[in-house]
């Protein structure tokens, strides 16, 4: 049976959270150490992470977390058509020029556009509206990642041909439970693959970027450490993870028009979980121990309420995180959220029976 077209369930005009997976051709280790040839392509993981950071500064798309592995990548994205509507025509034109410059300097970076360059984009109303929509489109984010990395890798190897294995896979995340489980699944990818023994050693993940910033913050002066965590997370100008979406939802900060980021590194300041960063990292650390350990330990008391609110215990939670990629197809969420989304799309179901793993 042919895979459903992404355009049938991904809509850049709606705020959607999407888990995207892109694999290297033939699942070869083209971003790590290839044991068959002995070639080391580890540096390409850095390319992908840097590309994500650059795209976060251009697109009206929030990057919630990511993981770059040796032969594939994961990224959790949230489209923000509400943000792109706030941008002026000049903003849209400048961002598009940064993606597709007509002139580059000696280092291959986009030269500063002239008024004429921007005018060619802004003066075509139909074209400008199309570009505005593309800047909140998850598929265009993935396209701008795949094409750039493929060209660089082919140049690196002195070859031509495909670098990625077909089109990327996309899963809609319909509620907070599915977003939390998917974020943990993505951040723990290196742990499950035995590339790292704990989240703080998991290179090229959103969790590692956040943990590095926390460690750096812990080494600052005492008066600076006394500032509120949400204020620190909001100010992403100098932080390694400053291009990622903040973890904790703040209703006042995230209200319409109040969540625009001023650093230019990300689309907005909107969080994606109703727990603070510290609690998320604690849950991630405990889950990673269960995934890699021989025996399941008891869920700590301070983390138990999080899973109880989702209708899960420690054992079922670990199973979801460990098998998330295989358990869900086009969408993930509670039975009710899957049913509601199917009804909204006039479909009988989004995927096979028994796919919902969260209690209603």
Residue tally, condition touching a helix residue (DSSP H, G or I) at 6+ places or on another chain (Cβ under 8 Å) and modelled with pLDDT under 90, over the range 260-287: 1
Can you find a residue in the range 300-321 that is within 30 Å of residue 55 (Cβ to Cβ), crowded, with 22+ Cβ neighbours inside 10 Å and either touching a strand residue (DSSP E or B) at 6+ places or on another chain (Cβ under 8 Å) or at pLDDT 85 or above (or both)? yes
Considering residues of the range 314-337 that are in contact (Cβ under 8 Å) with a residue 60 or more places away in the chain and part of a helix (DSSP H, G or I) only, the residue nearest to residue 298 (Cα to Cα): 317
Look through the range 14-38, keep the residues that are surrounded by 13 or more Cβ atoms within 10 Å (Cβ to Cβ) and assigned to a loop (DSSP other than H, G, I, E, B), and return whichever of them is modelled with the lowest pLDDT. 34
Which numbered condition in (1) within 19 Å of residue 75 (Cβ to Cβ); (2) in contact with a strand residue (DSSP E or B) (Cβ under 6 Å, 6 or more places away or on another chain) is the only one that residue 270 fails? (2)
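The values are calculated or read from the model by the stated rules, or taken from the named source; none is laboratory data. Predicted, not measured: the structure shown is a model, and the values here were computed from it. Cβ coordinates were reconstructed from backbone atoms using ideal geometry, including for glycine residues, and neighbour counts include every protein chain displayed.
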